[in-house]
Structure formats: structure tokens, C-alpha cells
Amino acid sequence: MQFVFAWASSQYGAVALGGTLLAGMLPSLLLTFVGGVFADRNDARRMLFAGAVVSAVVLFTTTWWHAVAPAAVVFMVSNFALSVTGAVFGGSSYVIPAALFPKDELVRINANLSLADDAAYLVGPLLAAAIFLATGVVGSLLFAAAVGLVAGAWLLALPPVPRSEATEALNLKFVAAGFVYISKTASTMRLVLFFATTNVLAAAFQVASPFFADALGGAQAYALLLSAMNLGMTASNLALSAVPIRASEKLIFASGLFQGLALAALGRSRSLPGAVVFGAVHDAMANMSSTVFISYLQAKVPEALLGRVFAAVNTLAMLLTPLGFASAPWLIARLGAATSVVALGLVSAAVAAIFCGLRGCLAKES
């Protein structure tokens with residue numbers, strides 16, 4: 001879906017593409033904190049199953065609506081509803097690894113979970129295309145709903161994940177506890193500021209990448225670039241799942257530094273093979289930084305606050321991201337796509353180096 005939405009929107013210009021990407025993230029930005037509150041008050045398995053049930057209802061409704069009145073708005077509304085569902089129920093996914101596995105194993109566990117996502121990204125489009133050709137829209141949607149329900153029900157086979165805050169009063173103090181924790185924890189605040197800044201640059205790159213790839217070969221080049229990035233993420237997860245690594249700020253910022261340098265090298269590439277290589281390295285480093293960050297929080301944050309802290313972190317880290325989507329068309333119009341990618345990469349590397357030098361890589365881990 002990333003390829004279809006991004007490439008189709010880019011044909012109408014950078015402003016249209018930025019608007020499309022911005023619309024896709026708004027539900028998460030506005031509702032993630034709700035998911036964090038739910039995650040700290042309910043068994044994570046049941047919350048994720050409930051999310052699967054709601055998603056299936058959305059898909060069943062979409063199937064009926066499409067049969068009665070087929071139109072593009074059907075899929076727009078459905079996609080928005082699925083995004084809202086993910087924001088409200090998805091926060092519980094951060095709670096399960098921390099509840100079931102030792103802290104030293106969290107990087108490996110999260111990498112293994114990401115490998116399952118990687119497999120879905122690689123196989124999913126091919127399977128979806130085959131089902132679509134055989135059964136059409138209705139069959140594809142019904143199959144997706146059935147798979148989601150089975151996956152959600154499978155989670156119920158895990159050991160219970162009780163929440164110690166389940167009986168606490170649901171008031172402003174409870175809802176804001178994640179934000180309060182961040183404001184009082186210097187290391188977490190550093191990481192939030194780091195990702196808030198680099199997410200702006202990453203958003204701008206999402207807008208610039210189709211235009212950069214267009215100069216290297218059009219839609220085929222863009223598809224290959226995205227595939228290489230996905231493979232880079234897979235390679236990163238394979239490495240993290242095989243090598244025992246303890247989550248640390250140092251590794252997060254170091255990965256961010258190499259990620260920025262790879263992005264700058266990508267922008268300098270004038271051939272598709274070179275772009276593919278640096279694109280794979282870029283996403284491998286981005287995935288490493290993100291996975292280690294998630295594991296770091298799971299190991300450091302008190303169990304009772306996990307859902308709300310993750311919700312607060314994600315909200316604050318994404319708060320400035322719309323600036324990247326909004327400013328990218330202006331940047332591309334003045335520098336061109338390739339030079340914009342180089343600039344974004346150099347600034348990203350500089351941000352990582354600053355955070356690393358000021359506190360992250362030099363500070364003693366607590």
C-alpha cells in the first residue's frame with residue numbers, strides 16, 4: 001500500500017503527496033494516548049483481540065458498502081477507521097514483551113517480532129494480489145478480516161498479562177502519567193527530542209523519495225528502492241535477533257548517525273544500484289535505532305506505566321512530523337529532490353552526533 005499511495009499521489013505533485021502522507025498519520029497522532037490508557041488498565045492480549053474484532057467489523061462493513069455503492073470514498077473511510085482502531089488498541093503490543101521476557105532478551109524478542117512483520121510485508125502483497133485476482137474486492141476483504149480474527153484469537157493462548165493499574169481512578173492524573181514520567185526522566189526526554197527532530201527529516205524524505213527515484217527510472221526504480229529498504233530492515237532484524245545486544249542510548253544515537261550518513265550517500269547516488277544499497281543501509285540503521293529504543297523503554301520504564309509512557313513518547317515524537325510533510329515541497333522546489341535528500345541526511349547525521357556527544361554516548365547508563 002505504501003508504494004501505491006505514495007507513487008499515485010506523487011503524480012499530482014509534492015503538495016499532494018505530502019497531504020496524503022499527513023492524512024495517514026493524523027489518527028495516530030491524536031489518539032495514541034487513548035491506546036496507552038487502555039493498555040495500562042486491561043489485559044494486553046484481550047485488548048489486541050478486541051482490536052482485531054473491531055478491524056474485522058470495519059472490513060465486513062466495507063465489503064457490504066462496496067457492494068451497495070462502490071466508490072473511492074468507501075476505502076478512504078475504511079482506511080481511516082482502521083487507523084483509528086490501530087491507535088486505540090495497538091498500544092497494548094508494547095506491554096507483552098516486557099511482561100513475558102527478561103530485560104536482557106528484549107532487543108532479540110522485539111527483533112523477532114519485527115521479522116514477522118517483515119515476512120508479512122514481503123509475502124503479503126503477492127498473496128493479496130493472488131486472492132484479489134481470484135475473488136475480487138469482496139474476497140480480499142473477507143480474507144483479511146478472517147486472518148485478523150485468527151491472529152487476534154491466537155494471542156489469547158499467551159499467559160495472562162494483568163495490569164497493576166487496572167483499579168486506579170481514571171482521571172487526568174492517570175491519563176497524564178506518561179507525560180509526567182518523561183518530563184522527570186532526562187534520558188527518556190533526550191530520546192524523545194531526538195526522535196521528534198529526526199522524524200521531521202524522515203517525513204520530508206518520504207515526500208522526496210518518489211521524485212528522487214523518478215530520475216533513476218520512474219515507478220520501477222521507486223519500487224526497487226522501497227524493496228531494498230524493506231530488505232535492509234529484515235537484515236537488521238536478523239542481526240538483532242541473532243546477536244545478544246543490551247539496549248542503550250549509545251547504540252540508538254550511533255545507529256541514527258549512520259542512518260543519516262547513508263541517507264546523504266543515497267541522495268548523492270546517480271545510479272539505481274548505488275541508491276538501492278544505501279537505501280537498504282538507511283532502513284537497516286533506522287530499524288536498529290527504533291528496535292533498540294523500544295527495548296530500552298521496556299527495560300527502563302516501570303511496568304505499571306508502560307502503556308501510557310509509550311503513548312506519550314509516540315505522541316511527542318510525532319508531534320513535529322507534520323512539519324516534514326508540509327515543508328518538503330518547499331525544500332524540493334528550491335533544491336531539487338536529490339540535493340534535498342543529501343541535505344536531510346546530513347542534518348539527520350548532525351542531530352545524532354550532537355545528541356551523542358552532548359549526553360547520549362558519553363553518559364553513563366543508569
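The values are calculated or read from the model by the stated rules, or taken from the named source; none is laboratory data. The shown structure was predicted, so the numbers you read here are calculated from the model rather than taken from an experiment. Counting neighbours? That spans all protein chains shown, and the Cβs are built from the backbone with ideal geometry, glycine included. Ligands, DNA and RNA are excluded from the accessible area calculation, which covers all protein heavy atoms including side chains. Shrake-Rupley method; radii C 1.70, N 1.55, O 1.52, S 1.80 Å.
Note on region 212-225: among residues that are at pLDDT below 90 and crowded, with 21+ Cβ neighbours inside 10 Å, the one that is nearest to the chain's Cα centre (by Cα) is LEU225. Restricting to region 323-339, give me the number of residues that are surrounded by 20 or more Cβ atoms within 10 Å (Cβ to Cβ) and either within 20 Å of the chain's Cα centre (by Cα) or closer than 29 Å to THR185 by Cα (or both). Final tally of qualifying residues: 3.
Under the condition of being among the aliphatic types (A, V, I, L, M) and open to solvent by 10 Å² or more (accessible area, probe 1.4 Å), which residue from region 284-300 is modelled with the lowest pLDDT? The selected residue is ALA299.
Cβ-Cβ contacts under 8 Å between residues 6 or more apart (or on different chains), taken from a first residue in region 322-344 that is more than 16 Å from THR198 (Cβ to Cβ) to a second residue that is outside any helix (DSSP H, G or I) and of a type in the set (A, V, I, L, M), are absent.
Within region 104-137, track down each residue that is more than 24 Å from ALA228 (Cβ to Cβ), surrounded by 14 or more Cβ atoms within 10 Å (Cβ to Cβ) and at pLDDT below 85. Residues satisfying the conditions are ILE131, PHE132, VAL137.
For every residue, the table says whether it meets (1) in contact with a Ser or Thr (Cβ under 8 Å, 6 or more places away or on another chain); (2) buried (at least 24 other Cβ atoms within 10 Å of the Cβ); (3) closer than 20 Å to SER114 by Cβ.
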site	(1), (2), (3)
LEU266	no, yes, no
HIS282	no, yes, yes
VAL341	yes, yes, no
SER348	yes, yes, no
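Restricting attention to helices (runs of 4 or more DSSP H) lying wholly within region 148-237, give those where 2 or more residues are of a type outside the set (Phe, Trp, Tyr) and within 30 Å of GLY274 (Cβ to Cβ).
On the way: elements: 172-175, 177-184, 186-217.
Hits in region 148-237: 186-217.
Can you tell me which residue within region 145-204, out of those that are polar (S, T, N, Q) and open to solvent by 60 Å² or more (accessible area, probe 1.4 Å), is nearest to LEU306 (Cα to Cα)? Top of the filtered list is SER164.
For every residue, the table says whether it meets (1) touching a Cys at 6+ places or on another chain (Cβ under 7 Å); (2) open to solvent by less than 30 Å² (accessible area, probe 1.4 Å); (3) farther than 17 Å from ALA146 by Cα; (4) assigned to a helix (DSSP H, G or I).
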residue: THR32; (1), (2), (3), (4): no, yes, yes, yes
residue: PHE38; (1), (2), (3), (4): no, no, yes, yes
residue: ARG45; (1), (2), (3), (4): no, yes, yes, yes
residue: LEU48; (1), (2), (3), (4): no, no, no, yes
residue: ALA52; (1), (2), (3), (4): no, yes, no, yes
residue: TRP64; (1), (2), (3), (4): no, no, no, yes
residue: PHE89; (1), (2), (3), (4): no, no, yes, yes
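Would you please name the residue that is nearest to LEU201 (Cα to Cα), looking only at residues in region 265-288 that are of a type in the set (Gly, Ala, Ser) and not in a helix (DSSP H, G or I)? Out of the qualifying residues, it is SER269.
A count restricted to region 232-244 and to residues that are surrounded by 18 or more Cβ atoms within 10 Å (Cβ to Cβ) and either farther than 12 Å from VAL292 by Cα or out of contact with any Asp or Glu (no Cβ under 9 Å at 6 or more places or on another chain) (or both) stands at 5.
When restricted to residues that are outside any helix (DSSP H, G or I) and either open to solvent by less than 60 Å² (accessible area, probe 1.4 Å) or without any contact (Cβ under 8 Å) to a residue 24 or more places away in the chain (or both), region 245-264 contains 3.
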